[in-house]
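Student: Dropping a structure here in structure tokens format, bear with me for questions.
The values are calculated or read from the model by the stated rules, or taken from the named source; none is laboratory data. What you see is a predicted model, and the numbers here were worked out from it, not measured in a lab. FYI the Cβ positions are ideal-geometry reconstructions off the backbone, even for glycines, and counts take in every protein chain you see.
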């Protein structure tokens, strides 16, 4: 047996990745792993369907058009701009009227206090009551003017701003009624003390007068609170327009 053949067979069995050519050059070869070859990605049918336009696309467009027309034809609540302007103008008039009354009442209270203090026309309890009222009433009027004036400065009769003016008027009313409730509750102890002193000096029971006054304040508080809640509902409706 030829020895070179045995050597070649032995070499090929040891190094199967090398091939010897006729020129004696050894070429190294790599084995190909079939499993490592990239495979063709199987695209799911749903993704292919997304890439290709559906056959019934015109039908879908027509359905969307019908749906949009049906939505636009739904009934909705319309806002009467002229009625809203009239309502805002009316409320602005009454707000200015109440502000004028409060200013006149404050000036009158201060005037009575000065007359009683200088001429001694009132008793001591009345002088103290008028003095406290002369200090607190201007504070109330100041905040009332501050609340109202901010709204009146931006108010106008333009129909384009009817909704915004109505919203500002509602917000102003809510703040004013809140101020009225606070001032009413804050005045209760001072008035009760004044009525108690008057009743003690006149040798009459002050409790009936105190009870009537407190019931009146309680009634006014509930009325003011009810109007305030009504304005809040109106504000919610106007904000959704």
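Student: For residues that are in contact (Cβ under 8 Å) with a residue 40 or more places away in the chain and farther than 21 Å from residue 240 by Cα, scanning just region 172-185, find the one that is surrounded by the most Cβ atoms within 10 Å (Cβ to Cβ). So that I can check it myself, show each step before the final result.
Tutor: Residues of region 172-185 that are in contact (Cβ under 8 Å) with a residue 40 or more places away in the chain, as a first pass: 172-174, 176-178, 180-181, 183-184.
Still in the list and also farther than 21 Å from residue 240 by Cα: 176-178, 180-181, 183-184.
Numbers: 176: 22, 177: 20, 178: 14, 180: 20, 181: 17, 183: 15, 184: 15.
Residue satisfying both the conditions and the ranking: 176.
Student: Which ones in region 119-136 are assigned to a loop (DSSP other than H, G, I, E, B) and under 22 Å from residue 104 (Cβ atoms)? Can you show your working first?
Tutor: From region 119-136, those assigned to a loop (DSSP other than H, G, I, E, B) are 120-123; that's our starting set.
Those that are assigned to a loop (DSSP other than H, G, I, E, B) and under 22 Å from residue 104 (Cβ atoms): 121, 122.
Student: I've got another one for you. Being in a helix (DSSP H, G or I) and either crowded, with 17+ Cβ neighbours inside 10 Å or touching a strand residue (DSSP E or B) at 6+ places or on another chain (Cβ under 9 Å) (or both) is the requirement here; does residue 169 meet it?
Tutor: Working: in a helix (DSSP H, G or I): yes; either crowded, with 17+ Cβ neighbours inside 10 Å or touching a strand residue (DSSP E or B) at 6+ places or on another chain (Cβ under 9 Å) (or both): yes.
Spelling it out, residue 169 is indeed in a helix (DSSP H, G or I) and either crowded, with 17+ Cβ neighbours inside 10 Å or touching a strand residue (DSSP E or B) at 6+ places or on another chain (Cβ under 9 Å) (or both).
Student: Report yes if residue 127 is over 30 Å from residue 241 (Cα atoms) and touching a helix residue (DSSP H, G or I) at 6+ places or on another chain (Cβ under 9 Å), otherwise no. Quick ask: steps written out before the conclusion?
Tutor: Details: over 30 Å from residue 241 (Cα atoms): yes; touching a helix residue (DSSP H, G or I) at 6+ places or on another chain (Cβ under 9 Å): yes.
Here the answer is yes, as residue 127 does meet what is asked.
Student: Pick out the one residue from 215, 235, 219 that is under 17 Å from residue 147 (Cβ atoms) and within 41 Å of the chain's Cα centre (by Cα).
Tutor: Working: 215 fails: under 17 Å from residue 147 (Cβ atoms); 219 fails: under 17 Å from residue 147 (Cβ atoms).
Being under 17 Å from residue 147 (Cβ atoms) and within 41 Å of the chain's Cα centre (by Cα) holds for just one of 215, 235, 219, which is 235.
Student: When residue 214 is evaluated against the numbered criteria (1) modelled with pLDDT under 95; (2) surrounded by 12 or more Cβ atoms within 10 Å (Cβ to Cβ); (3) in contact with a helix residue (DSSP H, G or I) (Cβ under 8 Å, 6 or more places away or on another chain), which criterion, by number, is the only one it fails?
Tutor: Failing condition for residue 214: (1).
Student: Could you grab me the full set of residues in region 126-151 that are modelled with pLDDT under 90 and surrounded by 16 or more Cβ atoms within 10 Å (Cβ to Cβ)?
Tutor: 151
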